[in-house]
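Shown next, in structure tokens, is the structure this report addresses.
The values are calculated or read from the model by the stated rules, or taken from the named source; none is laboratory data. Quick caveat, the model's predicted, so the values are computed rather than measured. Please note: Cβ atoms are built from the backbone with ideal geometry, for glycine as well, and neighbour counts cover all protein chains shown. Side chains included, ligands, DNA and RNA excluded: accessible areas come from the protein's heavy atoms. Shrake-Rupley method; radii C 1.70, N 1.55, O 1.52, S 1.80 Å.
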Amino acid sequence: MDNEKTDDAVDLYDKVIEETKEEQIYDDIEEIDTKGNKKSIFWLISVFSSTGQFFFGNFFSAFAAEAGVSGGLMGFITSIRNLLSSILQGNIGFLSDKIGCKLIMLIGMILNVAITIPLLFFENTGLLIAVAIIQAFSLSIFIPAWNAVLGDVTKPEFRATFIGRIASIGRLVSVSFSIMIAIIFYLADEVYYGQEILGWTVNIPWRIQYSIAFGIAAFNSIICAILIFTMKETRIEDKEVKRSEMRMAFKDRSFMKFVVFYSLFGLSMSLMWPLNPIIQVNVLNMQFYQIAINTSVFIMIMSITQLFSGRLGDRIGRRPIFLVGGFILVLFPISQLPSIITGNWLWQILGNSIAGLGAGAFFVALGALTLDLAPEDLMGAYSGIREMFFGIAAFIGSLTAGFLVDFLTKHFGLDNSTIYMCIGITILRVLTVVGFFFVAESLPKEKRVNNHRTKIGK
């Protein structure tokens, strides 16, 4: 009996050693091709670009609502940002494939810094519209080039894992900043308000709070621009990309089918975007720290989900992760109802948890699937074309939602209008997410990590 136990123990030990060896081989293969850069440069660019975009994107709409813009104008600002951040991405992506990603990324980030600074001091309606337009344009320059960089340095079988990791780390760092700011403003608004500390009467007006948020966004964008300037180009040198080759994307049936269904789902998603700040500011009267807490919950859950979904996407394929993420995002609009009905902002945490879980799976699979379908010399163009169609759909959806909430409010009141719209948007999301069943898998079984490791073991 003892000998049998000893033999079992030896077999178990041998199995553990073999699995450890395979895992070591896996880790060695997983190393990215940095194209002469230090690996840390990609992580740092992700951290500072994510933090800058986080503080701008998550507080700009709430800032506009605090400044008193109407539902229709909120819809216009949201829609124009969606359109301009996407409409030029196809051409910009092609340009980054042709002349290199570094210069394109640098231009986009510098433009982003320049347009954020006026928000530190001013909030008139004309400025808000100008900022929305130019900042969105800066994203349309930066994003396709950055996506192309990620495609340049990764192999298909490990692409989702790397994209998931690098995106999640960047967002987790931005969350730490947000939580820190939320704590400071909570103490200032709820605990020490009006008290005198070191000769200063504690009172941080909402305008100063948002200026601090935009200041953090500008600072992170400056650091990101410096990092991009020091980065070595990742595009293949002397590779001439002709504009006629870009038309390949429109003739690629698998890719265009994917783009059509993604755009339809984007339209249903964008209907909710102007509604979010209206619910937070006008319905629930949420303060800055409360909005910061909710966005932090969203980003934290999204980041953690990305870590797992990216690796899982390399093992079982992109399509299952894409589908699961899409069906979870369907639930977000209806998850807003408890907070609207009760008037308690804490219910917003439920909705942001659902959104973070769905977005974490959905967008990792989205990025990897797009890069899988693209030829190596057109990764920027494919990513840009995808977002160009998405931006048009999101423009229509957001603009429609803004005017619709104004129309419904006149007849049913703001609270009832937001309830009706949340229910309607949920139904529309259910109808559009079904299209993802017709999207083809982009990572063949033979290229998946589990099969690759099995071959290594043999």
Per residue, how much accessible area does the range 54-170 show when a 1.4 Å probe rolls over the protein heavy atoms, in square angstrom?
29 Å²
Can you work out the FRET efficiency for the pair Met180 and Val260, with r the C-beta to C-beta distance and R0 = 35 Å, to the nearest 0.05?
0.25
Net lengthening on full extension, Ser40/Ile197 (0.36 nm per residue, minus Cα-Cα):
52.4 nm
Determine the order of Trp345, Trp200, Trp146, Trp206 by accessible area, beginning with the largest, at a probe radius of 1.4 Å.
Trp200, Trp206, Trp345, Trp146
Burial order of peptide ranges 188-198, 414-424 (average beta-carbon count within 10 Å, highest first):
414-424, 188-198
Centre separation in Å (Cα based) which lies between the range 255-332 and the range 55-130
19 Å
Net length gained if the chain between Phe437 and Lys232 were fully extended (0.36 nm per residue, minus Cα distance)
69.8 nm
Rounded to the nearest 0.05, FRET efficiency between Leu187 and Leu127 (Cβ-Cβ, R0 25 Å) equals 0.25
Please report, to two decimal places, log10 I(q)/I(0) for the range 119-158 at q = 0.29 Å⁻¹ as given by the Debye formula with identical point scatterers on the Cα atoms and no solvent.
-0.91
The ratio Rg/Rh over the Cα atoms of the range 93-149, Rh being the Kirkwood inverse mean 1/r radius, stands at 1.09
In nm, what is the difference between 0.36 nm times the number of residues separating Asp415 and Leu103 and their Cα-Cα distance?
107.6 nm
